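Working notes, structure below.
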Amino acid sequence: MRILLADDDRDQLTVRSMLLERSGFETLEAMDRNSAVEIAAAQRPECAVIDLRFPTEEIGLRLIRELKEIDSNMHLFVLTGGDPDLFARRPERKLVDQVIVKGSSFSNLLHRLRTLAAEVSHKRAKASRSGI
C-alpha cells in the first residue's frame, strides 16, 4: 500500500518513512502542504498520514479537505500532539479514518496501517473477481 507521509519535521518524516518501508509499505514524503497536494494528485496514495499541525493546525485542516477533494476514498490518519477531543469537534474529523496521539508507540500506527492494508487488498481482490 502506498502512503503519503506529510510532516514539516524532517527527522520525524524520515524515521516514519524508514520504519514503514521496512514494514513493506511504499512511502511518499511531503514536508509542506503544496508538496503533499501535488504528490497526492500525481501518485494517488491509498492513505495519508499527516501531522495535524503542518506547521499550523489551520494548514493541517486545509490539507485534510484538499486530500479528500483529490480522492474521496483516500484514507486519512492524523497525528496530533494536542488534545484529540478538541479535534473531534472540528468538521474535518468526519473526513479522517484515524486520529493518533503523538507519543503513542509506533506499533499502534503500524497495526492500524496493516489492518487498513489488508482491507484495501481484500477490496481490490473482490473488485477484480467481479470484473469491476
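Extending each Cα 7 Å along its Cβ direction at Ala41 and Arg2, get the distance between those two points in nm, one decimal.
About 1.6 nm separates the two model spin labels.
Taking the dipole about the Cα centre of the chain, with the C-beta of Lys and Arg at +1 and of Asp and Glu at -1, give me whichever of Met74, Ala88, Ile64 is farthest to the positive side.
The residue sitting farthest along the positive end of the dipole is Met74.
Under the Karplus relation 6.51 cos²θ - 1.76 cosθ + 1.60, θ = phi - 60°, what is the ordered set of whole-Hz ³J(HN,Hα) values for region 59-74, x standing for Gly and Pro?
Residue by residue, region 59-74 yields 5, x, 5, 4, 4, 4, 4, 5, 5, 5, 5, 5, 8, 5, 8, 5 Hz.
Give me the distance between the Cα centres of region 99-132 and region 37-75, rounded to whole Å.
For region 99-132 versus region 37-75, the Cα centre distance is 17 Å.
For the chain, which semi-axes, largest first and in whole Å, follow from the square roots of 5 times the eigenvalues of its Cα gyration tensor?
Values: eigenvalues 102, 56, 46 Å².
Output for the chain: semi-axes of 23, 17, 15 Å.
I'd like the FRET efficiency for Lys102 and Arg129, computed as 1/(1 + (r/R0)^6) with the beta carbon distance as r and R0 of 35 Å, rounded to 0.05.
Given R0 = 35 Å and the Cβ-Cβ separation, E is 0.30.
Under a Cβ-only charge scheme (Lys and Arg +1, Asp and Glu -1), can you give me the dipole magnitude of region 2-129 about the Cα centre, in debye to the nearest 20?
Numbers: 21 positive and 21 negative charges, 139 e Å.
Once rounded to the nearest 20, the dipole reads 660 debye.
Starting with the highest mean, order 110-117, 63-70 by the number of other Cβ atoms within 10 Å, averaged over the residues of each peptide.
Taking the mean over residues of other Cβ atoms within 10 Å, the ranking is 63-70, 110-117.
Straight-line reach from Lys123: which lysines have a Cα under 20 Å away, not including same-chain ones fewer than 8 places off?
Hits, sequence-local ones excluded: Lys68.
Just Gly103, Gly81, Gly60 to compare: in a GNM of the chain, with alpha carbon springs under 10 Å, which one fluctuates most?
Highest fluctuation among the options: Gly103.
Length gain on complete extension for the stretch Leu86 to Leu19, per 0.36 nm per residue less the alpha carbon to alpha carbon distance? All intermediate terms of the calculation are to be shown ahead of the outcome.
Details: separation 67, 0.36 × 67 = 24.12 nm, distance 2.90 nm.
Using 0.36 nm per residue and subtracting the Cα-Cα distance, I get 21.2 nm.
Among the aspartates and glutamates, which have Cα under 17 Å from the Cα of Lys126 when same-chain residues fewer than 8 positions away are ignored?
List returned: Glu46.
Read-outs throughout are calculated quantities, based only on the coordinates presented, and are distinct from any laboratory measurement. Just so we're clear, the structure is a prediction, and the values are computed from it rather than from any experiment. Positions of Cβ are generated from backbone atoms using ideal geometry, with glycine treated the same way; all protein chains shown enter the neighbour counts.
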